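Enquirer: I have a structure I would like to understand better, so I am pasting it below and will then ask my questions one at a time.
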Amino acid sequence: DTGVSQDPRHKITKRGQNVTFRCDPISEHNRLYWYRQTLGQGPEFLTYFQNEAQLEKSRLLSDRFSAERPKGSFSTLEIQRTEQGDSAMYLCASSLKTSGGINQETQYFGPGTRLLVL
Amino acid sequence: KQEVTQIPAALSVPEGENLVLNCSFTDSAIYNLQWFRQDPGKGLTSLLLIQSSQREQTSGRLNASLDKSSGRSTLYIAASQPGDSATYLCAVSPLYNNDMRFGAGTRLTVKP
């Protein structure tokens, strides 16, 4: 296992369509994060999972967005009824947290999925 | 709400020069601060992580400092090389949740 992988790397879709992205974290990592990054800006936190539980969601995550991590391994991020404003790079990261409390460990990022909504 | 600012937004230097990138944050209640590197169109690579109880971390030609009370961090790059050209992002993890906040980054160009 060489790192976090994301699929697809690029997605072009028409406004109103649904899209789904996949993230495969580093295999022993129990925490998985989704971020969105627009051009010239830093990533913005969307949501994170510890194992299969979704523990935090940003207010940026509108009801058109849903994320799952059904078996505590890979995760999917679905955007329904895409809008042009959804065009961005969607980044996934994972980390290992070995005790309770706030995560203080390094997050390892995948290469991202670049979404363009026409 | 935590806000993270990076100055300058862009920097161009000749090869071999030492340089400093700056990061400031508004809420000192942080758990740690990280510096990342991002190449165009790619994901982020963690460079250094400083816990809130630490003052600095070093890795090779990189040295990051943290002054939590003043809300500032610096990334020092010694003897810059063209391969250092990338965008450098700092990010702070708050004490009470996992909503890591990023700055907009400094785009560094090192000219041969």
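The values are calculated or read from the model by the stated rules, or taken from the named source; none is laboratory data. This structure is a prediction, so every number in the text was calculated from the model and none was measured. Here the Cβ positions follow ideal geometry from the backbone for every residue, glycine too, while neighbour counts run over all protein chains shown. SASA here: full protein model, heavy atoms, side chains in, ligands and nucleic acids out. Shrake-Rupley method; radii C 1.70, N 1.55, O 1.52, S 1.80 Å.
Enquirer: Among B:Val4, B:Val92, B:Val20, which is more than 10 Å from chain A (Cβ to nearest Cβ) and either modelled with pLDDT under 95 or open to solvent by less than 50 Å² (accessible area, probe 1.4 Å) (or both)? Quick ask: steps written out before the conclusion?
Expert: Details: B:Val4 fails: more than 10 Å from chain A (Cβ to nearest Cβ); B:Val20 fails: either modelled with pLDDT under 95 or open to solvent by less than 50 Å² (accessible area, probe 1.4 Å) (or both).
None of the other options fit; the residue is B:Val92.
Enquirer: Of the conditions (1) under 26 Å from A:Val4 (Cβ atoms); (2) touching a residue at least 60 places away in the same chain (Cβ under 8 Å); (3) more than 10 Å from chain A (Cβ to nearest Cβ), B:Ser59 satisfies every one except a single condition; which number is it?
Expert: (2)
Enquirer: Of everything in segment A:1-21, what is open to solvent by less than 90 Å² (accessible area, probe 1.4 Å) and either touching a Leu at 6+ places or on another chain (Cβ under 9 Å) or under 19 Å from A:Gln54 (Cβ atoms) (or both)? Give them in sequence order.
Expert: Of everything in segment A:1-21, those that are open to solvent by less than 90 Å² (accessible area, probe 1.4 Å) and either touching a Leu at 6+ places or on another chain (Cβ under 9 Å) or under 19 Å from A:Gln54 (Cβ atoms) (or both) turn out to be A:Val4, A:Gln6, A:Lys11, A:Thr13, A:Val19, A:Thr20, A:Phe21.
Enquirer: Across segment A:25-49, what is the number of residues that are open to solvent by 50 Å² or more (accessible area, probe 1.4 Å) and either basic (Lys, Arg) or not in a loop (DSSP other than H, G, I, E, B) (or both)?
Expert: Number satisfying all stated conditions: 1.
Enquirer: Anything in segment A:42-56 that is at the interface with chain B (Cβ under 10 Å from one of its Cβ atoms), over 23 Å from B:Leu89 (Cβ atoms) and touching a Phe, Trp or Tyr at 6+ places or on another chain (Cβ under 9 Å)? List them, or say none.
Expert: Passing the criteria: only A:Leu55.
Enquirer: Might you let me know whether segment A:53-73 holds any residue that is farther than 20 Å from B:Gln2 by Cβ, open to solvent by 70 Å² or more (accessible area, probe 1.4 Å), charged (D, E, K, R) and in a loop (DSSP other than H, G, I, E, B)?
Expert: yes
Per-residue answers, yes or no, for (1) touching a Pro at 6+ places or on another chain (Cβ under 7 Å); (2) open to solvent by less than 10 Å² (accessible area, probe 1.4 Å); (3) modelled with pLDDT under 95; (4) among the acidic types (Asp, Glu):
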residue	(1), (2), (3), (4)
B:Ser24	no, no, no, no
B:Asn32	no, yes, yes, no
B:Trp35	no, yes, no, no
B:Gln54	no, no, yes, no
B:Ser69	no, no, yes, no
B:Ser80	no, yes, no, no
B:Asn97	no, no, yes, no
B:Arg107	no, no, no, no
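Enquirer: In this structure, does A:Glu78 turn out to be more than 13 Å from every other protein chain (Cβ to nearest Cβ) and without any contact (Cβ under 8 Å) to a residue 40 or more places away in the chain?
Expert: no
Enquirer: When you scan segment B:46-99, how many residues do you find that are part of a loop (DSSP other than H, G, I, E, B) and not polar (S, T, N, Q)?
Expert: So the answer is 10.
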